[in-house]
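*Asks:* Take a look at the following structure, please.
The values are calculated or read from the model by the stated rules, or taken from the named source; none is laboratory data. These numbers come from a predicted model, not from an experiment. Don't worry about glycine lacking a Cβ; one is built from the backbone with ideal geometry, like all the others, and counts go over all protein chains shown.
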Ligand SMILES: NC(=O)c1ccc[n+]([C@@H]2O[C@H](COP(=O)([O-])OP(=O)(O)OC[C@H]3O[C@@H](n4cnc5c(N)ncnc54)[C@H](OP(=O)(O)O)[C@@H]3O)[C@@H](O)[C@H]2O)c1
C-alpha cells in the first residue's frame, strides 16, 4: 500500500516542492490550500498525470475552527492511511507593537500554531496506526529575536514547544520533529532589491539563499529516519550560528 503525506499550504513554493518530491517517491499526496485553488488543482493534476489517483486537494482556513474540522474529516477519508503530516502553512507579516490588534493575533496564531495543534489532535489516531511522523515547519530566526515580528515569532516558538512536548507524548508510535528554514525565498508578494538580497546572503555562512528543494530534502531525510524525534533541524546555511 502506498504511503500518504498531508501537506498544509501546499499549492505553492515550499509546500509544493515537498509534494513534488514525495510524488517521485510514489506517495499519495493530500494538498491543502486556503485561497490558491487554481494552483492546488493544477498541482494535483500534474501529480495525478504521473501517478494516477494519487493526489487530492482539501481547502480550509486554519484560523477557522469549522474549517479545521472539515479538513480533518476530508483528510481522514482521502486514503487508507496517513503516514506523514507536514504543518507548513503560515501567515507571515510584521506587527510592530503599536499596530498589534486582536485580528493580527488571531491570524498569526491561527495559521502558525492553533491550526497545526488541532490538526495533530484530529489526525493522531490515524498517524498512530501507521507509526507515522509529524513535521512542523518553523523558522530559524526565532533564536535571535526578530524586531516587528513578535506575534509570528511567538507562534513559531509555540510550534517548536509543541514539537518537543508531543514528541514525548505521542511516542513511541509517532515521531514529531520540526524543520526551521532560514532565508529560502523572498516573502510572498515581496521583491527584494539587489542590496537587500546581498545583505541577507552576506549573513549566511554558505553564501547563498536556500531553496524549496533544501527543505523538501530535509523532510525526506526525516521521513526516512526511524530514530529521530523531538528535534528542530535548522536548514539555514549556517545563518543561525
Ligand atoms: N520562505 C522562507 O524563506 C521561509 C523562511 C523561514 C520559515 N519559512 C516557513 O516555511 C514554511 C513555508 O514557507 P513558504 O514561504 O513557502 O510559505 P508561504 O508561501 O508564505 O505560505 C504557504 C501557504 O500557507 C497558506 N496559508 C496562509 N495562511 C493560511 C490560513 N490562515 N489557513 C490556511 N492556509 C494558510 C497559504 O495558502 P493559500 O495560498 O492557499 O492561501 C500559503 O500559500 C512556512 O511555515 C514558513 O513560515 C519559510
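*Asks:* Out of 190, 219, 200, which single residue is within 22 Å of residue 91 (Cα to Cα) and free of Cβ contacts under 8 Å to residues at least 12 places away in the same chain?
*Replies:* Only one candidate passes the filter, namely 190.
*Asks:* Looking only at the stretch 169-182, how many residues end up being more than 16 Å from the ligand (Cβ to nearest atom) and either at pLDDT below 95 or assigned to a loop (DSSP other than H, G, I, E, B) (or both)?
*Replies:* Residues that pass the stated criteria total 5.
*Asks:* Which pairs have Cβ atoms under 6 Å, sit 6 or more apart or on different chains, and link a residue in the stretch 1-29 that is at positive phi to one that is crowded, with 24+ Cβ neighbours inside 10 Å and part of a helix (DSSP H, G or I)?
*Replies:* Qualifying pairs under 6 Å: 9/15.
*Asks:* Based on this model, can you work out whether residue 38 counts as free of Cβ contacts under 8 Å to residues at least 12 places away in the same chain and surrounded by fewer than 17 Cβ atoms within 10 Å (Cβ to Cβ)?
*Replies:* Criteria met by residue 38.
*Asks:* Now for a separate question. Looking at (1) closer than 28 Å to residue 23 by Cα; (2) surrounded by 15 or more Cβ atoms within 10 Å (Cβ to Cβ); (3) more than 10 Å from the ligand (Cβ to nearest atom), can you tell me which one residue 154 breaks?
*Replies:* (1)
*Asks:* On to the next question. Listed residues 166, 185, 159; which is surrounded by 13 or more Cβ atoms within 10 Å (Cβ to Cβ), more than 13 Å from the ligand (Cβ to nearest atom) and either outside any loop (DSSP other than H, G, I, E, B) or within 19 Å of the chain's Cα centre (by Cα) (or both)?
*Replies:* 166
*Asks:* What do you reckon, is residue 141 part of a helix (DSSP H, G or I), over 26 Å from residue 37 (Cβ atoms) and within 9 Å of the ligand (Cβ to nearest atom)?
*Replies:* Considered against the rule, which asks whether it is part of a helix (DSSP H, G or I), over 26 Å from residue 37 (Cβ atoms) and within 9 Å of the ligand (Cβ to nearest atom), residue 141 comes out as yes.
*Asks:* Give 56, 64 a once-over and let me know the one that is crowded, with 18+ Cβ neighbours inside 10 Å and over 23 Å from residue 185 (Cβ atoms).
*Replies:* 56
*Asks:* Output the strands (runs of 3 or more DSSP E) that fall wholly within the stretch 1-97 and possess 2 or more residues being farther than 18 Å from residue 125 by Cβ and either within 14 Å of the chain's Cα centre (by Cα) or away from the ligand (no atom under 13 Å from the Cβ) (or both), or say none.
*Replies:* Strands (runs of 3 or more DSSP E) meeting the threshold: 28-33, 55-59.
*Asks:* Let me ask you something else. Residue 240 fails exactly one of the following numbered conditions: (1) under 18 Å from residue 88 (Cβ atoms); (2) in contact with a strand residue (DSSP E or B) (Cβ under 6 Å, 6 or more places away or on another chain). What is the number of that condition?
*Replies:* Among (1) under 18 Å from residue 88 (Cβ atoms); (2) in contact with a strand residue (DSSP E or B) (Cβ under 6 Å, 6 or more places away or on another chain), residue 240 violates only (1).
*Asks:* If the requirement is being surrounded by 17 or more Cβ atoms within 10 Å (Cβ to Cβ), more than 16 Å from the ligand (Cβ to nearest atom) and not in a strand (DSSP E or B), which of these qualifies: 127, 119, 123?
*Replies:* Being surrounded by 17 or more Cβ atoms within 10 Å (Cβ to Cβ), more than 16 Å from the ligand (Cβ to nearest atom) and not in a strand (DSSP E or B) holds for just one of 127, 119, 123, which is 127.
*Asks:* May I ask you to list the residues in the stretch 204-227 that are surrounded by 15 or more Cβ atoms within 10 Å (Cβ to Cβ) and assigned to a loop (DSSP other than H, G, I, E, B)?
*Replies:* If the condition is that a residue be surrounded by 15 or more Cβ atoms within 10 Å (Cβ to Cβ) and assigned to a loop (DSSP other than H, G, I, E, B), then 204, 209, 210 are the ones that fit.
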